[in-house]
1. Which one is farthest from the other protein chains (Cβ to nearest Cβ) among residues in region A:6-19 that are open to solvent by less than 60 Å² (accessible area, probe 1.4 Å) and at pLDDT 95 or above?
2. Scan A:GLY82, A:GLY93 and give me the residue that is among the small types (Gly, Ala, Ser) and farther than 23 Å from B:SER31 by Cβ.
3. Scan region A:114-128 and tell me whether some residue there is under 22 Å from B:TYR40 (Cα atoms), out of contact with any helix residue (DSSP H, G or I) (no Cβ under 7 Å at 6 or more places or on another chain), in a helix (DSSP H, G or I) and open to solvent by 10 Å² or more (accessible area, probe 1.4 Å).
4. Within region A:24-60, which residues are farther than 17 Å from A:THR133 by Cα, surrounded by 18 or more Cβ atoms within 10 Å (Cβ to Cβ) and not hydrophobic (A, V, I, L, M, F, W, C)?
5. Going through A:GLU123, A:GLU84 one at a time, which residue ends up being of a type outside the set (A, V, I, L, M, F, W, C), out of contact with any Gly (no Cβ under 7 Å at 6 or more places or on another chain) and over 27 Å from A:ILE39 (Cα atoms)?
6. Among the residues of region A:87-113, what is the count of those that are under 13 Å from the mean Cα position of the chain (by Cα) and either open to solvent by 70 Å² or more (accessible area, probe 1.4 Å) or more than 23 Å from B:GLY50 (Cα to Cα) (or both)?
7. Quick one: A:GLU84 ticks every box in (1) closer than 28 Å to B:VAL52 by Cβ; (2) among the acidic types (Asp, Glu); (3) out of contact with any helix residue (DSSP H, G or I) (no Cβ under 6 Å at 6 or more places or on another chain) except a single one, so which number is it?
Amino acid sequence: MAEPLVFHFDVDGSDFTSAGQASVQIKKSLRQLGLPSEIIRRVSIAMYEGEINMVIHANGGVADVIVTEDCVEIILKDQGPGIENVEQAMQEGFSTATSTIHSLGFGAGMGLPNMKRYSDTMEIDTVVGVGTTITMKIFLNQ
Amino acid sequence: MKIIDVKELLNAEVLCGEDMLDEEVYSACGSDMMSDVLAYVKEQGLLLTGLVNPQVIRTAEMMDMVCIVFVRAKKPSEDMVRLAERAGIVLMSTETRMYEACGNLYVNGLNGKVVRRDG
């Protein structure tokens, strides 16, 4: 794999039921590339949580997945409200989601912690009122 | 434990994936919170839940789970059944409540240990 492979997705923020479609697609693509199942699972769970977050909090956004010889990089970009206190948002159990989201099985304050758990590196670049970009890397040789 | 044993122990109705009932499951997770399900890594899992929406199917798919049992007689929509068929996941519905269903499967041997990924 000489050239990096890039997958681009628009994440529709208007429909919670369709959230996760990009992650399902990435899972299939990575399987076709023959990556180890543990890596595929980590990438797809991290991206799925990110997608759900974009739909719940930011009215959607864009997702790019870049596959190189040594890593899978996931870049999730939205123009949502931003995260006021990243440290607080990273704590398990902290959530600003509504009771409607709770009734759908999410908003338990596990999204960002799960994304960190399943990735090797995670960077959050957020500006309140402007948006959030989250970059996660999962290395293939660890 | 084979999926067919799960069906019999819980007296469950199979809604899709009839051809996969001979597959083995080694561990299970009972939860209505999908983010909690996503926090645990396991192989060939079974999900018991009382939550009914398409994200239940996607969560199971992300976790490489092969079977979902809806407890308390909950039934998935046709869209959910189609999603599960496409993902190769068996769907079942049982009248048994969550606590009882988990206990029943556990004492009958489905007690695979769960590994949580840290850091």
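1. Step one: filter region A:6-19 for residues open to solvent by less than 60 Å² (accessible area, probe 1.4 Å), giving A:7, A:9, A:11, A:13, A:15-16, A:18-19.
Filter once more, keeping what is at pLDDT 95 or above: A:7, A:9, A:11.
Values: A:PHE7: 16, A:PHE9: 14, A:VAL11: 13 Å.
Only one residue fits best here, namely A:PHE7.
2. Details: A:GLY93 fails: farther than 23 Å from B:SER31 by Cβ.
Selected residue: A:GLY82, the only one of A:GLY82, A:GLY93 that is among the small types (Gly, Ala, Ser) and farther than 23 Å from B:SER31 by Cβ.
3. Among the residues of region A:114-128, at least one is under 22 Å from B:TYR40 (Cα atoms), out of contact with any helix residue (DSSP H, G or I) (no Cβ under 7 Å at 6 or more places or on another chain), in a helix (DSSP H, G or I) and open to solvent by 10 Å² or more (accessible area, probe 1.4 Å), which makes the answer yes.
4. If the condition is that a residue be farther than 17 Å from A:THR133 by Cα, surrounded by 18 or more Cβ atoms within 10 Å (Cβ to Cβ) and not hydrophobic (A, V, I, L, M, F, W, C), then A:LYS27, A:ARG41, A:ARG42, A:SER44 are the ones that fit.
5. On the way: A:GLU123 fails: over 27 Å from A:ILE39 (Cα atoms).
Answer to the check: A:GLU84.
6. From region A:87-113, those under 13 Å from the mean Cα position of the chain (by Cα) are A:110-113; that's our starting set.
With the extra rule that they be either open to solvent by 70 Å² or more (accessible area, probe 1.4 Å) or more than 23 Å from B:GLY50 (Cα to Cα) (or both), the set shrinks to A:112-113.
Residues flagged as under 13 Å from the mean Cα position of the chain (by Cα) and either open to solvent by 70 Å² or more (accessible area, probe 1.4 Å) or more than 23 Å from B:GLY50 (Cα to Cα) (or both) within region A:87-113 amount to 2.
7. A:GLU84 satisfies every listed condition except (1).
Conditions tested, residue by residue: (1) acidic (Asp, Glu); (2) touching a Pro at 6+ places or on another chain (Cβ under 6 Å); (3) open to solvent by 60 Å² or more (accessible area, probe 1.4 Å); (4) at pLDDT below 95.
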{"residue": "B:ALA12", "(1), (2), (3), (4)": "no, no, no, no"}
{"residue": "B:ASP19", "(1), (2), (3), (4)": "yes, no, yes, no"}
{"residue": "B:VAL25", "(1), (2), (3), (4)": "no, no, no, yes"}
{"residue": "B:MET33", "(1), (2), (3), (4)": "no, no, no, yes"}
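The values are calculated or read from the model by the stated rules, or taken from the named source; none is laboratory data. Just so we're clear, the structure is a prediction, and the values are computed from it rather than from any experiment. With ideal geometry, Cβ positions are generated from the backbone for all residues, glycine too; neighbour counts draw on all protein chains shown. Note: areas computed on protein heavy atoms with side chains; ligands, DNA, RNA excluded. Shrake-Rupley method; radii C 1.70, N 1.55, O 1.52, S 1.80 Å.
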